[in-house]
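Below is one structure, written out as structure tokens; comments come after it.
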Amino acid sequence: MDQVAHALGRKFNWRIQPSGDAALNMLGLSTQVPGRWVYLSDGPNREYTIGKTLLVFTQTALKEVGFKHPKSGLLVHALKALGQERVDTAVMQAIRARLSDKDRDRIPRDTRQITGWVHHLIKQICQKAD
């Protein structure tokens, strides 16, 4: 589904970013495959039915989809979907394990303009282990 979403994004010249359950699934924080894949986009609101799955593009502010690195947006939207109260040490360790050293260096710089609590968690997740 992600490949289809990105193909549509390229076709219409939209910047897109997986959101909610799609971001959680892609980051490995949820094993459930969403029946409705939601992508934030700088294009118009659109819905596509592919098989039995709904692919939804929701127009949003550019700051929500304008990341330089794909994993930055994925991490931001996965954390927002979980909510601040549900992010514990185990979740942070699971995310950290999926990020390379290069990702952990790039992501905090790429997400500076994000909501305070999300950026604070990202900085904790991306800290270098001593």
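Details
- This model, with +1 at the C-beta of Lys and Arg and -1 at the C-beta of Asp and Glu, gives the stretch 8-59 a dipole about its Cα centre of some 180 debye.
- For the chain, the longest principal axis of the Cα atoms and the long axis of helix 70-82 meet at an angle of about 90 degrees.
- In the chain, the DSSP beta bridges split such that about 60 percent are antiparallel, to the nearest 5.
- Taken about its Cα centre, the stretch 1-125 carries a charge dipole of roughly 300 debye when the Cβ of each Lys and Arg holds +1 and the Cβ of each Asp and Glu holds -1.
- Entry comment: accessible area of the chain is 58 Å² per residue, from protein heavy atoms only and a probe of 1.4 Å.
- Calculated [θ] (222 nm, deg cm²/dmol) that DSSP helices of n ≥ 4 give over the chain, each run adding -39,500 (n - 2.57): -14500 deg cm²/dmol
- With 0.36 nm allotted per residue and the present C-alpha distance subtracted, the His120-Ala7 stretch has 37.4 nm of extension available.
- Percent accessible area from carbon and sulfur atoms, the chain, protein chains only, probe 1.4 Å: 47
- Candidate residues Ile50, Ile107: accessible-area rank, largest first, probe 1.4 Å: Ile50, Ile107
The values are calculated or read from the model by the stated rules, or taken from the named source; none is laboratory data. Note that this is a predicted model, so its numbers are computed, not measured. Reconstructed Cβ throughout: ideal geometry from the backbone, glycine too, with neighbour counts over all protein chains shown. The area values use the complete protein model at the heavy-atom level, side chains included, leaving out ligands, DNA and RNA. Shrake-Rupley method; radii C 1.70, N 1.55, O 1.52, S 1.80 Å.
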